Amino acid sequence: MYGMGEHRDTGELLRAHGLRVTPQRRAILSAFADGPAEHLSADEIHARATTVIPEIGRGTVYSTLAELTELGLLSAVGAPEPVRYESNTDFHQHFRCRLCVRLFDVTIAAPPTDHLRAEGFAVERVTITAEGICAECVAYEAGLVSSADQARRRPSGTLPATGVAASTMATPVGTITVGATADGVIRVVFDDHADVPALNDAIRARRGGRAARAHLARGKEAVGAYFADGQAGACTIDWDRLDDEQTLRAVTTIGPARSASYDTLRTPADAGARGHVLGSNPIVILIPCHRVTRGREIPRAYVGGEERRLALLRLERG
Ligand SMILES: [Zn+2]
Ligand SMILES: [Zn+2]
């Protein structure tokens, strides 16, 4: 009767999935008593459930349906997101990305339906929606993973050889090294970043002029404020020496405890390039790439490693 097999009654089915047997859950599952061929709307399920529990609310029905679907006891058919409109009125097929939840026009050959005619159906068209992870989300992840890995193994080559003042600071996520030029902050990196040896050289040699030292001091204050209050302070970034300034700047518009998917950033860089620049973000915290998601997913790849990303998100969200 139910998707998960041979359970004698709804109580047994719920227990088999580790759920407490509540009258509400039983009432909702009992709406499917007529068998697996039915496809019910939430309103129909609500109406049936009220025959068991007259006072059951719509909110309870919706939240219980979501929970049972999540656990695999029920299956939801039809995209949960709102109807989308498009100017392409020719009949065509779509690919739906389960991460960024975008639809893409694709060409998929329709399967034969002759046997349905034999069963009495008058088929007029076959709608096919392929689902999975879109090409852009795949490219973003690939860029992110490869550059996060590179950032730990190979010096970036974009750190100026002269004029950099640097200093370290202890933070809840380990030592952070900050570097600045006469034009602003150029690096904020964790201690496994491949630029750390060059920054350490700058520390030992006490490099950097007066302007670089002033930017360094303000950069450290800005990072310190982030760990003290959850919000980074203001300082100047040496944008001219950073690759893909537009993508990095777009990330600075994502506020504390918020997130944005890579595809919503206002930058001309393609998905793979976005992943590449964010995976090797040279100024962590102040350019909060830890807040950039891949649609609904928090990526594992991060320039400071997955653990640090999760620690930063926990710190911000309290
Ligand atoms: Zn996608
Ligand atoms: Zn379309």
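Values quoted throughout were computed directly from the atomic coordinates according to the rules given, and no laboratory measurement underlies them. As the structure is a computational prediction, the values presented were derived from the model and not from experiment. Cβ: placed from backbone, ideal geometry, glycine included. Neighbour counts: every protein chain shown.
Under a point spin-label approximation (7 Å from Cα along Cα-to-Cβ), what is the D201-Q93 distance to one decimal in nm?
Result for the modelled spin labels: 5.6 nm.
What order do you get for 240-249, 117-126, 279-288, 25-34 when each peptide is scored by the mean count of other beta carbon atoms within 10 Å, highest first?
Answer by packing, highest mean first, reads 279-288, 25-34, 240-249, 117-126.
Using modelled backbone amide H atoms (1.01 Å from N, in-plane), which distant-in-sequence or interchain residues come within less than 5 Å of T171's amide H?
The list, which skips near neighbours in sequence, is I176.
Label points 7 Å out from Cα along the Cβ direction at A170 and E131: separation in nm?
5.0 nm
Starting from the Cα of S63, move 7 Å in the Cα-to-Cβ direction to define the label point; list residues of region 27-51 whose amide nitrogen is under 17 Å from there.
27-29, 46
Ordered by residue, what ³J(HN,Hα) values in Hz, to whole numbers, does region 181-194 give under the Karplus form 6.51 cos²θ - 1.76 cosθ + 1.60, where θ = phi - 60° and Gly and Pro are x?
For region 181-194, the Karplus-derived couplings read 9, 5, 9, x, 5, 10, 9, 9, 10, 7, 6, 9, 7, 5 Hz, x marking Gly and Pro.
Which ³J(HN,Hα) values, rounded to whole Hz and listed in residue order, are derived for region 232-246 from phi using the Karplus coefficients 6.51, -1.76 and 1.60 in 6.51 cos²θ - 1.76 cosθ + 1.60 with θ = phi - 60°, glycine and proline given as x?
5, x, 8, 7, 9, 9, 7, 4, 4, 9, 9, 6, 6, 3, 4
Would you grab the residues whose amide H sits under 5 Å from the one on R207? Only those 5+ places off in sequence or on another chain, please, with H modelled 1.01 Å from N.
A166
What is the dipole size for the chain, taken about its Cα centre, with +1 at each Lys and Arg Cβ and -1 at each Asp and Glu Cβ, in debye to the nearest 20? If you can, show how the numbers build up before the last one.
On the way: 37 positive and 39 negative charges, 313 e Å.
Using only the charged Cβ atoms, the result is roughly 1500 debye.
When the helices in the chain are scored as -39500 (n - 2.57) per DSSP H run of 4 or longer and the sum is shared across all residues, what 222 nm value do you end up with, to the nearest 500 deg cm²/dmol?
Numbers: 11 runs with 117 residues, N = 318.
Mean residue ellipticity at 222 nm (helix-derived): -11000 deg cm²/dmol.
Would you mind pulling out the separation of the Cα centroids of region 50-67 and region 152-167, in Å?
Their Cα centres are 59 Å away from one another.
Would you work out which of S63, P111, L278 lies farthest towards the positive end of the dipole of the chain, given +1 charges on the beta-carbon of Lys and Arg and -1 on that of Asp and Glu, about the Cα centre?
L278
Residues of region 271-290 with backbone nitrogen within less than 17 Å of a virtual label 7 Å along the Cα-to-Cβ line of Q231, please, listed as ranges.
Counting backbone N atoms under 17 Å from the label point, the list is 286-288.
Projecting each Cα onto the charge dipole of the chain (Lys/Arg +1, Asp/Glu -1 at the beta carbon, about the Cα centre), which of A257, P155, I133 comes out farthest on the positive side?
P155
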